[in-house]
1. Count, please, the residues in the stretch 10-35 that happen to be touching a residue at least 12 places away in the same chain (Cβ under 8 Å) and among the aliphatic types (A, V, I, L, M).
2. Can you list residue pairs whose Cβ atoms sit under 6 Å apart, with the first residue in the stretch 50-64 being open to solvent by less than 60 Å² (accessible area, probe 1.4 Å) and the second being part of a strand (DSSP E or B)? Count only pairs 6 or more apart in sequence or on different chains.
3. Are any residues in the stretch 20-49 surrounded by fewer than 14 Cβ atoms within 10 Å (Cβ to Cβ) and in a helix (DSSP H, G or I), and if so, which ones?
Amino acid sequence: MTARWAGRKGRSWRVLCAQVYADPHETHCLRCGKPVDKSLVFSRYLPAHQRPHARSVDHIIAIEQGGARLSRDNVAIAHYGCNSRHGARIGAAKRRGHTHTEPRVILDIDPHTL
């Protein structure tokens, strides 16, 4: 299990997470679309009923699917629970031999052109 988390504990990852948390445009969960309370930091001292709602940073395109590990363009804020469920689905699909999970389309739209 250490190898899986090794890249997500380093200084570069913590700096990237701090950038995401400080971004005023990062307000809604990447997975469920509901608002994220940025003041809710996951810890074992956080009441169990609040832990799934704690803030976390999730990769938009999984590293295993070719996503950039430390790119600001490839990460977004997510609820801890949503992030955990998504990671579990990818892991289960990988164990079943599926190389791709759900397809994603990323759109970069300039609101001034609408």
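1. So the count comes out to 3.
2. If the second residue must be part of a strand (DSSP E or B), the pairs left are S56/A78; V57/V75; D58/A78; H59/V75; I60/A76.
3. Across the stretch 20-49, the qualifying residue is only A22.
Okay, residues lined up against (1) basic (K, R); (2) at pLDDT 95 or above; (3) in contact with a His (Cβ under 6 Å, 6 or more places away or on another chain); (4) at positive phi:
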{"position": "T2", "(1), (2), (3), (4)": "no, no, no, no"}
{"position": "R11", "(1), (2), (3), (4)": "yes, no, no, no"}
{"position": "A18", "(1), (2), (3), (4)": "no, yes, no, no"}
{"position": "P24", "(1), (2), (3), (4)": "no, yes, no, no"}
{"position": "L30", "(1), (2), (3), (4)": "no, no, no, no"}
{"position": "P35", "(1), (2), (3), (4)": "no, yes, yes, no"}
{"position": "I63", "(1), (2), (3), (4)": "no, no, no, no"}
{"position": "G66", "(1), (2), (3), (4)": "no, no, no, yes"}
{"position": "H86", "(1), (2), (3), (4)": "no, no, no, no"}
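The values are calculated or read from the model by the stated rules, or taken from the named source; none is laboratory data. As the structure is a computational prediction, the values presented were derived from the model and not from experiment. So basically every Cβ, Gly included, is an ideal-geometry build from the backbone, and we count neighbours across all protein chains shown. In case anyone asks, the SASA skips ligands and DNA or RNA and just uses the protein heavy atoms, side chains included. Shrake-Rupley method; radii C 1.70, N 1.55, O 1.52, S 1.80 Å.
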